[in-house]
1. Evaluate the following for B:V67: is it in contact with a helix residue (DSSP H, G or I) (Cβ under 8 Å, 6 or more places away or on another chain), farther than 22 Å from A:G3 by Cβ, among the β-branched types (V, I, T) and open to solvent by less than 10 Å² (accessible area, probe 1.4 Å)?
2. Which residues, taken from region A:419-435, are assigned to a strand (DSSP E or B) and open to solvent by less than 10 Å² (accessible area, probe 1.4 Å)?
3. Find all pairs meeting these conditions: Cβ atoms under 8 angstrom apart; at least six residues apart or on different chains; first residue within region B:196-218 and over 18 Å from B:P294 (Cβ atoms); second residue part of a loop (DSSP other than H, G, I, E, B) and of a type in the set (F, W, Y).
4. Can you give me the number of residues within region A:456-506 that are over 24 Å from A:V278 (Cβ atoms), open to solvent by 10 Å² or more (accessible area, probe 1.4 Å) and out of contact with any strand residue (DSSP E or B) (no Cβ under 8 Å at 6 or more places or on another chain)?
5. Looking for something open to solvent by 10 Å² or more (accessible area, probe 1.4 Å), farther than 25 Å from A:D118 by Cβ and at pLDDT 95 or above - is there at least one such residue anywhere in region A:35-58?
6. Let me spell it out: the conditions are (1) touching a strand residue (DSSP E or B) at 6+ places or on another chain (Cβ under 9 Å); (2) closer than 16 Å to B:A75 by Cα; (3) not hydroxyl-bearing (S, T, Y), and B:Q321 meets all of them except one. Which number is the exception?
7. Kindly provide the set of residues from region A:247-265 that are buried (at least 21 other Cβ atoms within 10 Å of the Cβ) and in contact with a Leu (Cβ under 9 Å, 6 or more places away or on another chain), ordered by number.
8. Kindly provide the set of residues from region B:160-171 that are closer than 19 Å to A:R196 by Cβ and open to solvent by less than 50 Å² (accessible area, probe 1.4 Å), ordered by number.
There are 2 protein chains.
Amino acid sequence: MRGLMMEDPLTLLPIFERVARYFPQQEIVTRRPDGTFSRTNYAAFSTRVRKLARVLADAGLAPGDRVATLLWNHAAHFEAFFAVPLAGGVLHPLNPRLHPDEIAWIARTGGDRFLIVDDTLWPTFDRFRESVPLDRVWQVPFAGHPAPACAVNYEAALNLAAADFVFPQLDERDAASMYFTSGTTGRPKGVVYSHRSLVLHGLAICLADCCGISRMDVVLPATPMFHANSWGLPHAAVIAGAKMVFPGSGATPADLLDLIEQEGVTLASGVPTIWLGVLEELRRNPSGWNFRAPVRLLVGGTAPPENLVRELDRFGLRILQAWGLTETSPLGTVSLLKPHMREWSEERQYEARSKQGYPVPLIQVRLAGAEGEAPWDGVTPGELEVRGPWVASAYYGAPESADRWTPDGWFRTGDVATIDSEGFVKIFDRTKDMIKSGGEWISSVDLENTLMAHPGVREAAVIAIHDPKWQERPLAIIVPREGARPSPEDLAALLATRFDKWQIPDGFIFVDELPRTSVGKIQKSHLREQFRDWRKDHPDPSPRK
Amino acid sequence: MRGLMMEDPLTLLPIFERVARYFPQQEIVTRRPDGTFSRTNYAAFSTRVRKLARVLADAGLAPGDRVATLLWNHAAHFEAFFAVPLAGGVLHPLNPRLHPDEIAWIARTGGDRFLIVDDTLWPTFDRFRESVPLDRVWQVPFAGHPAPACAVNYEAALNLAAADFVFPQLDERDAASMYFTSGTTGRPKGVVYSHRSLVLHGLAICLADCCGISRMDVVLPATPMFHANSWGLPHAAVIAGAKMVFPGSGATPADLLDLIEQEGVTLASGVPTIWLGVLEELRRNPSGWNFRAPVRLLVGGTAPPENLVRELDRFGLRILQAWGLTETSPLGTVSLLKPHMREWSEERQYEARSKQGYPVPLIQVRLAGAEGEAPWDGVTPGELEVRGPWVASAYYGAPESADRWTPDGWFRTGDVATIDSEGFVKIFDRTKDMIKSGGEWISSVDLENTLMAHPGVREAAVIAIHDPKWQERPLAIIVPREGARPSPEDLAALLATRFDKWQIPDGFIFVDELPRTSVGKIQKSHLREQFRDWRKDHPDPSPRK
């Protein structure tokens, strides 16, 4: 027996139509390259999205055609997030921080037919455009530069277009957008989101028990929109009718703090590195900013060190930790205290908040241990597996990657984690970043987080180096805080308070900065390569466990 | 091109599994008939739901079989809300307040095969059980009575059952539950919810911009669970992991206030009548209760008078008005102020809050006027039409009702409304309750709300009576407040401040109580019948407009 309910598909159309109808005056603010602001609202956004759809249709966009973007975080990118899928196309944001050859490979592999590019990114595009066959290119005058002859000025095209475009009827399982993973090893792989998955993921973000994004929020996506579905924030903001503040490109920590203060931001997203920079800035100038409302910081990518959580709390910036991957849209788990935890000590609450939390509704996780499912005891590690309606079921055109899914259809995340009896996931490490010393596993993440609690340490990365006797040994690469110079002995002593002797790195190397992937993650593969020949010059630590 | 995301269906299974796993200790409290409490939690709930599914399967439940309930609001009913659909059956709550012949007709029309009935409702069941062929009946010992020979004791059956039931794989469009409308005219009609519609509706209720139900909430469904999908609260509470407080049956306003105070309730649902009673109680005993947290009152069914909203605010009970019907699961619109309205005067804010609000995400509304779609000007009335993924597309086995849907698939609600430029819906009247006097429409709802602002009026109903000259004229039926005796002249004078003379009722009749439908709505059809022969004994009001 079937239900007798309407078959209205879960596409972006009803949420797009609703925001213009009920929240026309809510603002969309963009910080331009010169630091000035452009301001629009959802009424204008709605018209421009229809015009962009008309422009794409006139250019010959066929259902499923990929429209790539090479754009920073601004209102025009936001427009493309809706116009492309609503017109029946597939949005494909490209990452301008990758090597031009890699961008080209991704664009070709994704099958991109059209491109929208920032004027400020034209030089990047110029380095690979010969190797990607594109039917048409629109250039956004983000910094006010004129379009080259081989491109169409985005604003001019919109000015000429009619706003009467009627969006086609779509199936909720139609592709809406495509992102390539920014794996630290191996070729990037394409993840294809459907309208259905974007709508459900957007609703999940707006749940009171997730990010609780509401019409009263002012949302600042400080993570690049070309990364991991822009964390779903464009869709969530449109669902809620929230004001959007786009930081453009190259915003410094002080710029972000200015934006938060001046625009009344209540929720900002970013990887821990961004907030480490913000914290440094706040330390330098503790009374420099006054926030109108409490600010939630949605943090993912890697786990924030516990002391970052604590210190930002003091400034009224409350970190909400989430875990996810491009393959999970990305929202998988959120670290929200449960009712009974309100009675826990502050210490224990911070400990829980520094874990990655438990799955949002409709997402399921489990741990694949050495022998079947690992117990939820908070100590037994296993590979985290995940499933749900906004989790990828395959990579685009990559049948050789089928082993990333279990025979019963769960996605193997490549993250090694523990789950405690409350169901809180704690990411132990990436499988490939684990260090196996003398047959025992050492978590680089645990060592890094403890090192970063040292007042003289700004950032730390622990990698495995080859060891003839123990197979692998940990080596710590440290970025000291400005003016600080912690000694290896200090750091080893700090670690000794929480780790066994055999777990303590063989060496501590001080550097000015860490190599990063294009989305700001520490590039451990690069560090492993750089320190491949490093050898310790002191005796083995012993006794071993 | 299709998305490459997992096809995990939107069924109740993942949300059911999640609540037991992550919120096992959250309480489920039931007020028993004798005023004592029974307490369980989601861990026990999970086991009992599996056991109930096993009991149903052992009784021969086949996919799509209807399992009726004749139960008050308590934990066993909550169990059936999940066990029946998860086992592949269709939950069909029956309304014990209807005439036994009507209950029997609904059970036969719904095709009910099994029944779960409260011991305290056995006498009701006994009056119609001969006329409904049921394969098995379980009796819940809600008041501790033994089961009659022809029924199985619900608790005994669960005690004997294994908790190892494996739920079948379901399609998200499979029927999950069925409710008959409680129309004030005509035969009830069956609405069949799917797993998909229940999950989406439950998520919508948990959105920050709807009811925002979270794990920190304590939810009290004061509306009967056999009415309009229990307003979706059981599903929303399970999605969020919220504590549930069930009032059982026959809870007085003082009982409800006790429950709110003692159990820390933060969200309660109910029709305005319930909260009118609660307000009377608070007036009698203004310092009788202290609430731990702010309490949201989700109010629907009919519009609460503005002064009810104002007065409850003063006691820390904040009315959140929603509009919906059994056919809309029921959540359609919610009256939430928009960001710019925070700057409005208190007066204007209350005026907005006394409207029914704007649609929640994924729901769309429009107004069918005399000539096509009516403008959103706040004054032009039209019939409200609605669509969305949790709106009914047909009634069960009632092809003759196909005209309740427009040719383009919108549901005709039968509610006459205006929509203002902000998109706020204001229900003007039910189409059948409108009064047509001298060719002009008069809204009974507007007159009633103004009358209820009079300090001596507890409730008011305005109906149409036949008039030889004007076709119809309004007549007001008044329930005075205890000890008060407002005069017809007072009331007419009050109305004259807001209405034209021709809109003022021809008479004011004072009664002790108003007839109600089984779900607490004022039964205007009954009043129209009762006062059919009433004639005014004073001259025509004039001049007319």
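The values are calculated or read from the model by the stated rules, or taken from the named source; none is laboratory data. What you see is a predicted model; the values in this text were computed from it and never measured. Using ideal geometry, Cβ is built from the backbone for each residue, glycine included, and neighbour counts are taken over all protein chains shown. Side chains are part of the model used for accessible areas, which takes the heavy atoms of the whole protein and leaves out ligands, DNA and RNA. Shrake-Rupley method; radii C 1.70, N 1.55, O 1.52, S 1.80 Å.
1. Details: in contact with a helix residue (DSSP H, G or I) (Cβ under 8 Å, 6 or more places away or on another chain): yes; farther than 22 Å from A:G3 by Cβ: no; among the β-branched types (V, I, T): yes; open to solvent by less than 10 Å² (accessible area, probe 1.4 Å): yes.
So B:V67 does not fit the description; no.
2. Going residue by residue through region A:419-435, those that are assigned to a strand (DSSP E or B) are A:419, A:425-430, A:435.
A:I419, A:V425, A:D429, A:I435 - these are the residues of region A:419-435 that are assigned to a strand (DSSP E or B) and open to solvent by less than 10 Å² (accessible area, probe 1.4 Å).
3. B:S197/B:W390; B:L198/B:W390; B:L200/B:W390; B:H201/B:W390; B:A204/B:W390
4. Qualifying residue count, region A:456-506: 13.
5. no
6. Of (1) touching a strand residue (DSSP E or B) at 6+ places or on another chain (Cβ under 9 Å); (2) closer than 16 Å to B:A75 by Cα; (3) not hydroxyl-bearing (S, T, Y), only one is false for B:Q321: (2).
7. A:P247, A:L256, A:L257, A:L259, A:I260, A:V265
8. Of everything in region B:160-171, just one residue is closer than 19 Å to A:R196 by Cβ and open to solvent by less than 50 Å² (accessible area, probe 1.4 Å), namely B:L170.
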